[in-house]
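**Q** Right, I'll just put the structure down here and ask away after.
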Amino acid sequence: MEAILKDPAGAVIGLDFDGTLAPIVADPASARIHPEAAPVLAELGGYVNAVAIVTGRPVATALRLGSGLADVPGSTDVPGLADVPGLVVLGHYGFERWEDGRVSAPPPPPGVLEAEAELQLLLVSLGVKGVAIEDKGRAVAVHTRRSADPEGTLEALREPLAALANKHGLVVEPGRLVLELRPPGMDKGHALGLFLAERAARSVMFVGDDLGDLAAFDAVRNSGLPGVNVCSGSAEVTALAERADIVVDGPDGVVALLRELASAFKGH
């Protein structure tokens, strides 16, 4: 943290979205960014090299949910992620990129569409109930949070979904009561590492909460830069807390930490 405080212009601040900037909820479509997150990110952006959201969500979804008023038509005048100056959003683990109001991405892989077409029939054949399928465009996720036995259902689905993913050239990304089928070749660590090199970063902080963020933690450790890994704490996932330099209490704690950082920059 000392290197970031001494040289904020060289620092990259990377953050996950769900569980980090937005509380985890039973229905992923109902997630909303913390109401104070966008303003504090905008303030930080005035001091640091770059602020980047690195998420498994599609860019469009992260920006929509990042408005904080995703279900209120005509609320575009409310500050949200899209209003944070200089923000970069790396969606789909880095397959998509949003910057300066523009999205760049390769075409969707066919294996995702084929796997999703078979997924509902697979769940029926397994007798699995109470799960939610989330179409992410470049990935498809199966959430078990609303099933009668979320942990048991997740375990029962691991092998069948791994076989389905393998059949269509995909990989399975585990998370907090979710299994996501997505293309191989990119993860949050790879996306963050490429971004650090692109921006010639001199220090880095990454904030995450889930198993998919372990790769980003590794990227911080392997970058050769002074770095800080922050865990947005959860009783569901302990692996990140065990490897974090700082543990905070969910999105509230993340916003408080970012606010402290911005205040420290302002005081210099």
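The values are calculated or read from the model by the stated rules, or taken from the named source; none is laboratory data. Here the structure is a predicted model, which means the values were calculated and not measured. We place every Cβ from the backbone using ideal geometry, glycine too, and count neighbours over all the protein chains shown.
**Q** Looking at G45, G56, can you tell me which residue is in the same structural domain as L257 (by TED's automatic domain parsing) and in contact with a Pro (Cβ under 7 Å, 6 or more places away or on another chain)?
**A** After ruling out the rest, the residue left standing is G45.
**Q** If you check A200, A256, which single one turns out to be over 17 Å from the mean Cα position of the chain (by Cα), at negative phi and among the aliphatic types (A, V, I, L, M)?
**A** So the residue among A200, A256 that is over 17 Å from the mean Cα position of the chain (by Cα), at negative phi and among the aliphatic types (A, V, I, L, M) is A256.
**Q** Return yes when D209 is charged (D, E, K, R) and in contact with a Leu (Cβ under 9 Å, 6 or more places away or on another chain) and no when it is not.
**A** Taking the combined requirement at face value, the residue satisfies it.
**Q** When you go through E114, E96 one by one, which is the residue that is surrounded by 14 or more Cβ atoms within 10 Å (Cβ to Cβ) and over 26 Å from F17 (Cβ atoms)?
**A** E114
**Q** What tally of residues in segment 117-133 results from selecting those that are surrounded by fewer than 18 Cβ atoms within 10 Å (Cβ to Cβ) and either β-branched (V, I, T) or within 16 Å of R182 (Cα to Cα) (or both)?
**A** Selection size over segment 117-133: 5.
**Q** Mind checking whether some residue in segment 150-169 is of a type in the set (S, T, Y), part of a loop (DSSP other than H, G, I, E, B) and closer than 27 Å to S30 by Cα?
**A** no
**Q** I need a count of the residues in segment 33-52 that are under 25 Å from T144 (Cα atoms) and within 13 Å of the chain's Cα centre (by Cα).
**A** Number satisfying all stated conditions: 1.
**Q** Another question, if that's okay. So L258 passes all but one of these: (1) at pLDDT below 95; (2) in a helix (DSSP H, G or I). Which condition number does it fail?
**A** (1)
**Q** Where in segment 170-229 are the strands (runs of 3 or more DSSP E), entirely inside, with at least 1 residues that are in the same structural domain as L123 (by TED's automatic domain parsing) and surrounded by fewer than 21 Cβ atoms within 10 Å (Cβ to Cβ)?
**A** On the way: elements: 171-175, 178-182, 203-208.
Counting at least 1 such residues, we get 171-175.
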